[in-house]
1. Using DSSP, restrict attention to beta bridges with both residues in the stretch 37-189 and report what percent are antiparallel, rounded to the nearest 5.
2. Exposed loop GluC sites (Glu not before Pro) only (DSSP loop, at most 13 other Cβ atoms within 10 Å): please give the longest stretch of the chain free of them, not including the sites.
3. Tell me whether the stretch 9-113 comes out rounded, prolate or oblate; compute the Cα gyration tensor, take square roots of the eigenvalues as a ≥ b ≥ c, and use a/c under 1.5 as the rounded threshold.
4. To the nearest 500 deg cm²/dmol, what mean residue ellipticity at 222 nm is calculated for the chain from DSSP H runs of n ≥ 4 alone, each contributing -39,500 (n - 2.57), summed and divided by the residues?
5. Looking at the stretch 109-191, which chymotrypsin sites (Phe, Trp or Tyr not before Pro) are DSSP coil and have at most 13 other C-beta atoms within 10 Å of their C-beta?
6. For the chain, how many pairs of lysine residues have a Cα-Cα distance under 22 Å, where the two are 8 or more positions apart or belong to different chains?
7. Output the 0 to 90 degree angle, nearest 10, between the alpha-carbon long axis of helix 2-19 and the longest principal axis computed from the alpha carbons of the chain.
8. Work out the P(r) tail for the chain: percent of alpha carbon pairs separated by more than 20 Å, whole number.
Amino acid sequence: MKNILKYSILMICGLVVLACKTEIVEPIDLDALETGGYIRTVSPYPVATSTFNYKITDMGGTKMEIVAEAVTPNKGADFASYELFVRFVDATPSNGTKTTSVLPLKTIMASAFTKDAITGYPRATISVTGTEALAASKLVIGDIASGDRFEITGTMKLTNGKSYNAANTGANITGGAFYSSPFFYRVNVLQ
């Protein structure tokens, strides 16, 4: 009887040990995950709908200007360019309806960006004057009035062919306080 009890206890311990076998799970290879990028608006911060204005009386002198930072996992090494597009929204029908589709404005190449000493990411000051926005929209000064607006959007291009903009980026990036990357800038027309 003594031996049966010993063998029973030994068999139960063996079953417990065999039942607790853990399957080895391989860790996630973080280097193999797909990554992207975004253009952080460093200044002005935060960007709101009333941040930028063009004055009709000084279209060449008024401008939308931002300090932009190209953020990618490898400190901007795969950043190729930042393409800007413009759309004019005519909110004052008294002078006609001249709303345009989205049109190319300009491209800022990665070579125009310089590495920031503090963050290590490439930065550049990007500006668009009222005259540039008018010309890209194929409009003349008589087509715009106080109350209208220009909408400037951006697309970040990477060296691997991928591109990122407001349409394919999540709300955490475009609207988040940390990322500050709207890819969209509204410029109001003032008298």
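1. Working: 37 of 41 bridges.
Beta bridges within the stretch 37-189, antiparallel portion: roughly 90 percent.
2. On the way: sites that count: GLU23, GLU34.
So the longest stretch without any such site is 35-191.
3. Numbers: a/c = 4.28, a/b = 3.10, b/c = 1.38.
Because a/c hits 1.5 or more and a/b exceeds b/c, the stretch 9-113 counts as prolate.
4. Values: 3 runs with 31 residues, N = 191.
The helix contribution divided over the chain gives -5000 deg cm²/dmol.
5. Details: sites: PHE113, PHE150, TYR164, PHE178, TYR179, PHE183, PHE184, TYR185; in loops: PHE113, PHE178, TYR179, PHE183.
Here the chymotrypsin sites (Phe, Trp or Tyr not before Pro) that fit, given the DSSP loop and packing criteria, are PHE178.
6. Counting lysine pairs in the chain gives 18.
7. 20
8. Numbers: 11434 of 18145 pairs.
Considering the chain, 63 percent of its Cα-Cα pairs are separated by more than 20 Å.
Since every read-out is calculated from the coordinates, none of them should be taken as a lab result. In this text the structure is predicted, and so the values were computed from the model without any measurement. A quick note on method: Cβ atoms are made from the backbone with ideal geometry, for glycine too, and the neighbour counts reach across all protein chains shown.
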